[in-house]
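In what follows, a single structure is set out as structure tokens and then discussed.
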Amino acid sequence: MDAREADYAHFVRTRTHALLRSAYLLTGDQHLAEDLVQEALARTHRAWLRLDRPENAEAYARKVMYHAQVSLWRRPKVAEVLPGEFDEEPAGDDPIEAAVQRLALRRALLALSAKQRAVIVLRFFEDHTEAEAAQMLGVSVSTVKTQTARALDRLRTLLPDLRMLTSEQQR
């Protein structure tokens, strides 16, 4: 590796964390921030030989990040809906109440055993059949049924007013 490449590698090792902090503040999302930094580092690498001094690399990378983020803001927004997705907040509901319910559900799911949580996620969040869930987990169908029943009982105890679970009881 020549001296210029070594300088670039040193720049990436020492300044990526600072760039990530700035990118997070720009985007408000960790994953988008990582993508933004990756794009900035890639463009900085392409321009590395044109940079007069390696000390200017961080300023160049930050400028690339800011321009890339502004370009994203200017792009027309296209609503993307993937199959199987649904609105987390039904129209007219209080968003704060919906957030509280999501947090309560998360806490309740974490209170389940790993097997129970797995069958609940596979059966009700990913919509797999009992046989598919059994095959994915490497257990029998009766184990899936037992774990599902125990998990639903536990969730009903932890979240007595959660409508999602009562509709499943009628199946």
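The values are calculated or read from the model by the stated rules, or taken from the named source; none is laboratory data. Just so it is clear, the model here is predicted, and its values are computed rather than measured. Counting neighbours? That spans all protein chains shown, and the Cβs are built from the backbone with ideal geometry, glycine included. For accessibility, only protein heavy atoms count, side chains too; no ligands or nucleic acids. Shrake-Rupley method; radii C 1.70, N 1.55, O 1.52, S 1.80 Å.
Within segment 66-76, does at least one residue satisfy the condition of being among the charged types (D, E, K, R), at negative phi and at pLDDT 85 or above? Looking through segment 66-76, none of the residues is among the charged types (D, E, K, R), at negative phi and at pLDDT 85 or above.
Scanning segment 21-53 for residues that are at pLDDT below 85, closer than 20 Å to Glu5 by Cα and buried (at least 16 other Cβ atoms within 10 Å of the Cβ) yields a single hit, Leu51.
Residues of segment 1-14 that are open to solvent by 80 Å² or more (accessible area, probe 1.4 Å) and outside any loop (DSSP other than H, G, I, E, B): His10, Arg13.
The rows are residues; the columns are (1) modelled with pLDDT of 90 or more; (2) loosely packed, with under 12 Cβ neighbours inside 10 Å; (3) β-branched (Val, Ile, Thr).
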position	(1), (2), (3)
Ala111	no, no, no
Ser142	yes, yes, no
Thr157	no, yes, yes
Leu165	no, no, no
Gln169	no, yes, no
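Of all residues in segment 125-140, those satisfying the criterion of being touching a helix residue (DSSP H, G or I) at 6+ places or on another chain (Cβ under 8 Å), open to solvent by 50 Å² or more (accessible area, probe 1.4 Å) and part of a helix (DSSP H, G or I) are Glu130, Ala131, Glu132, Met136, Leu137.
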